Structures are given as C-alpha cells and as structure tokens.
Amino acid sequence: MYEQTLADQLRVLGEDDPDTLRSRYSLASAYRAAGHLVRATPLFEQALADHLRVLGEDHPDTLTCRNDLALAYRTAGDLARAIPMLEQTLADRSRVLGEDDPDTLRSRNNLALAYGEAGDPARAIPLFERTLTGCEHVLGEDDPVTRTVRENLTRAMAKRDGGTWPT
C-alpha cells in the first residue's frame, strides 16, 4: 500500500508535494520497521534530500527524517555515518525546538545509545544522565520514554563497570 501510494502521489502530485514527501518517508519507515534496511536506507536518503530541498534544513519534518536515517545507519551497524548525523540532528533540534522538547530528548537518547554501541560509555553516560533529567522534568518519571532512558543509563553504567553493551 505504501509503495502504491508513493507511486500515485509521484504521478499526480509530483515529487515536491508535502504529501509525496510524507509518503516516501512512511515507506522508508515501514521497511525499517520490517527489518528491510537495504530497502529503507536509500528511501530515507532520498526522503532527506527531498525534505532539505523542499522544506529546508530546520523544518521539523526534515529533522525527523535525518534522525530516522541516522537510526537506520545505526541499526545497520554503520556508526561512522550514524553518529555525526545524530550529533547534527541533536544540535539542530536543540536550536530549533529547544533543549526540553520531547523530540530533542529522544535525539539525545539516540546519540547516547550510539556512543554506547561504539564502546564509549564515557560519552554515553553523561548524555543519558542529562536526558533522564530532562525527561523526568518534561515528561514525568513514569513516562515510557523516561523509563527507557533510565534503563539505557543503567545499561551504560553496567557496560562501564565491565559488562557488555546490550544489542
């Protein structure tokens, strides 16, 4: 359905229509959710290029698209591409949306996860701690995102103390 919707929107609306942008992004997201990173990644790359061209680098949809492309890279184990993109997304979301915006908090968590996966708990732990403080303040202590960040911090501390980073 996503493939057909994208094909129809490209034909009827053109590649620069916001609905077409969303459809390409949605198709990429569906592929990633299904574990088809080989299909998802080029779609995310195209979606990001389109978002940058049409909406600009600071549009919230562009920031989401960049974040999700970075997550696809991270999931594929390509931390060399994922980390700089996650760093850029966090910097941009902090500047555009604010330090305490839920999307900024998620970006900070994503970057901390990537640092941990790269074997750098010294960078991951302070980022998780800062994210947890922000989540508790903005989302509340029992919010699912707050609980996830708390668990991620616990895992990073275990890694620092000689454990392994969970995959």
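The values are calculated or read from the model by the stated rules, or taken from the named source; none is laboratory data. Just so you know, these numbers come straight off a predicted model, no measurement behind them. Note: ideal-geometry Cβ built from the backbone for every residue, glycine included; neighbour counts use all protein chains shown. Please note that ligands, DNA and RNA were not included when accessible areas were found on the heavy atoms of the full protein model with its side chains. Shrake-Rupley method; radii C 1.70, N 1.55, O 1.52, S 1.80 Å.
General observations
- When Ser26, Ser107 are compared by accessible area at a 1.4 angstrom probe, the order from most to least is Ser26, Ser107.
- Ellipsoid semi-axes for the chain, based on the Cα gyration tensor and the rule √(5λ), read 31, 17, 13 Å when sorted largest first.
- Per-selection metrics, the stretch 37-127 (Cα): Rg and Dmax in Å: 12.7, 38
- Global form of the stretch 1-54, assessed from the alpha-carbon gyration tensor, a/c cut-off 1.5: oblate
- Modelled spin-label separation between Thr148 and Gln46, with each label point placed 7 Å from Cα along the Cα-to-Cβ direction: 2.8 nm.
- Nearest-ten-degree value, helix 102-117 long axis tilted from longest Cα axis of the chain: 70
- Per residue value of the accessible surface for the stretch 1-127 (all protein chains in place, 1.4 Å probe), Å²: 47
- Using alpha-carbon coordinates, inclination of helix 144-160 to the longest axis of the chain, degrees: 50
- Net charge, Asn67 excluded, C-beta distance under 9 Å - Lys, Arg +1, Asp, Glu -1: +1
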